[in-house]
Amino acid sequence: MFTGIVEEIGVIQKIQKGVKSSALSIQGNIIFGDLNIGDSIAVNGVCLTVANFSKNIFIADVMHETLNRSTLNNIKNGNHVNLERAMPASGRFGGHIVSGHIDGIGMIANIKKDDNTIWYTIKTTPKIMDYIIEKGSIAIDGISLTVADAGTEAFSVSIIPHTAKATILSEKSVGDSVNLENDVVGKYIGKLIGFEQLNKDDYTLIFLSNCKHSYMQSHIEQFHLDNYFSAFYCTEDFDLKPKYEIFNTIKQNYNGEFIIIGDRFQDMEIAQMHDLKAIGCSYGYGEKWELSNSTAVATQVSDIVHC
């Protein structure tokens, strides 16, 4: 976890490109004070793992998915990048919760000076704008900032001289792209609102997952999922039987029409086996091909209500 308080500006020294991935060599200074292999570093807001380092240069691998979702796909040798180490348990929480998992890219639509501050207007997708509110938090290239104004297609932030000096945002121009990460708290609240609406529409929600029981239970307690779901099933509780066998058990215990909502191929497969409607969730872990047989695709939980 990060806080969005950039520690220093690094420099891209080398880019080794693979078929669909790449390895970045990045020069820094402050972050090497207690750096170890395996540590997490936010590079322009993207959480990367230190694969190797020597003196003041560390190497991090960037996978295909990360390149597709972030501006790291277009980075060049010599480019400056924001760097932040993961927050220690004893550290100060100066910004907001930043996971380092980029939600998408925004484009700088306008830059305006206002006395000693600089206003940036960022245009982005409706999916990202749905979780942006005035006075809420947003991470731009890994910088924790407060949203000063939010519209339907764009939002604005203002930065003080210190932020301009300590980050690469002051190097940006109109038309440049930036990495965006929505406030994780807002995203979880958005999910719960979607579940609440389904309950109001008289849908019975049943949870079925391949995850471990302990992992499932921690999420139930953290997000009070038992307020929305009627029952919880995981494969570990059924001697790791495949999902479709557990679904057969669920179907025997509940009457009415079923709708399958999931993000993996086996979820869509269950729907096909029982001739049921299937809503594929593209915001999950599944690949696009896994959702090819879905009846409809939801890009966020609130979409499920309308599918």
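Hey, among Ile26, Ile15, which residue is farther than 14 Å from Arg85 by Cβ and modelled with pLDDT of 95 or more?
On the way: Ile26 fails: farther than 14 Å from Arg85 by Cβ.
It is Ile15.
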Out of all the residues in region 47-54, is one or more buried (at least 21 other Cβ atoms within 10 Å of the Cβ) and not basic (Lys, Arg)?
yes
Note on region 215-260: residues within 20 Å of Ala278 (Cα to Cα), aromatic (Phe, Trp, Tyr) and at pLDDT below 85 are none
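Has region 162-173 got any residue that is surrounded by 16 or more Cβ atoms within 10 Å (Cβ to Cβ), modelled with pLDDT of 90 or more and of a type in the set (Asp, Glu)? First the steps, then the outcome.
At the first step, the residues of region 162-173 found to be surrounded by 16 or more Cβ atoms within 10 Å (Cβ to Cβ) are 163, 166-169, 172.
In the following step, the residues that additionally are modelled with pLDDT of 90 or more were identified as 163, 166-169, 172.
So of that shortlist, the ones also of a type in the set (Asp, Glu) come out as none.
No, every residue in region 162-173 fails to be surrounded by 16 or more Cβ atoms within 10 Å (Cβ to Cβ), modelled with pLDDT of 90 or more and of a type in the set (Asp, Glu).
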Inside region 59-100, the number of residues satisfying the requirement of being of a type in the set (Ser, Thr, Tyr) and in a helix (DSSP H, G or I) is 2
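In region 156-188, which residues are among the small types (Gly, Ala, Ser) and more than 14 Å from the chain's Cα centre (by Cα)?
Passing the criteria: Ser156, Ser158, Ala164, Ala166, Ser170, Ser173, Gly175, Ser177.
Return the only residue of Lys191, Lys135 being assigned to a loop (DSSP other than H, G, I, E, B), under 21 Å from the mean Cα position of the chain (by Cα) and of a type in the set (D, E, K, R).
Answer to the selection: Lys135.
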Restricting the first residue to region 116-145 and requiring it to be under 24 Å from Met1 (Cα atoms), which pairs with a second residue that is part of a helix (DSSP H, G or I) and at pLDDT 90 or above meet a Cβ separation below 7 Å and a spacing of at least six or different chains?
Ile140/Leu169; Asp141/Leu169; Ile143/Thr163; Ile143/Leu169
Does region 107-126 include one or more residues that are within 21 Å of Val184 (Cβ to Cβ), modelled with pLDDT under 95 and outside the structural domain of Thr49 (by TED's automatic domain parsing)?
yes
Give region 2-31 a look and list any residue that's loosely packed, with under 15 Cβ neighbours inside 10 Å and closer than 25 Å to Ile97 by Cα, or say none.
Asn29, Ile30
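So, in region 146-162, exactly how many residues are within 21 Å of Val43 (Cα to Cα) and in contact (Cβ under 8 Å) with a residue 24 or more places away in the chain? Don't jump to the end; show me each part of the working.
Step one: list which residues in region 146-162 are within 21 Å of Val43 (Cα to Cα), which gives 146, 157, 159, 162.
Checking which are in contact (Cβ under 8 Å) with a residue 24 or more places away in the chain leaves us with 157, 159.
So the answer is 2.
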Among the candidates Gly256, Gly262, residue that is under 17 Å from Leu198 (Cβ atoms), buried (at least 17 other Cβ atoms within 10 Å of the Cβ) and not assigned by TED's automatic domain parsing to the domain that holds Ile128:
Gly262
Could you tell me whether region 217-231 includes any residue that is loosely packed, with under 14 Cβ neighbours inside 10 Å, under 20 Å from Asp263 (Cα atoms), among the hydroxyl-bearing types (Ser, Thr, Tyr) and in the same structural domain as Ile270 (by TED's automatic domain parsing)?
no
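So that you can scan it fast, the table gives a plain yes or no per residue for (1) closer than 16 Å to Ile143 by Cβ; (2) in contact with a helix residue (DSSP H, G or I) (Cβ under 6 Å, 6 or more places away or on another chain); (3) touching a residue at least 24 places away in the same chain (Cβ under 8 Å):
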{"position": "Ile26", "(1), (2), (3)": "no, no, yes"}
{"position": "Gly33", "(1), (2), (3)": "no, no, no"}
{"position": "Gly38", "(1), (2), (3)": "no, no, no"}
{"position": "Cys47", "(1), (2), (3)": "yes, no, yes"}
{"position": "Phe58", "(1), (2), (3)": "no, no, yes"}
{"position": "Ser70", "(1), (2), (3)": "yes, no, yes"}
{"position": "Gly95", "(1), (2), (3)": "yes, no, yes"}
{"position": "Gly106", "(1), (2), (3)": "yes, no, yes"}
{"position": "Ala109", "(1), (2), (3)": "no, no, yes"}
Given Glu236, Glu290, which one is charged (D, E, K, R), part of a helix (DSSP H, G or I), within 21 Å of the chain's Cα centre (by Cα) and at negative phi?
Glu290
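Restricting to region 175-214, give me the number of residues that are closer than 27 Å to Tyr120 by Cα and among the basic types (Lys, Arg). Before you say what the answer is, go through the steps one by one.
Filtering region 175-214 down to residues closer than 27 Å to Tyr120 by Cα leaves 175-190.
Subset that is among the basic types (Lys, Arg): 187.
The total comes to 1.
The values are calculated or read from the model by the stated rules, or taken from the named source; none is laboratory data. Fair warning: this is a prediction, and the values are worked out from it, not measured in the lab. All Cβ positions, even for glycine, are placed from backbone atoms using ideal geometry, and neighbour counts span all protein chains on display.
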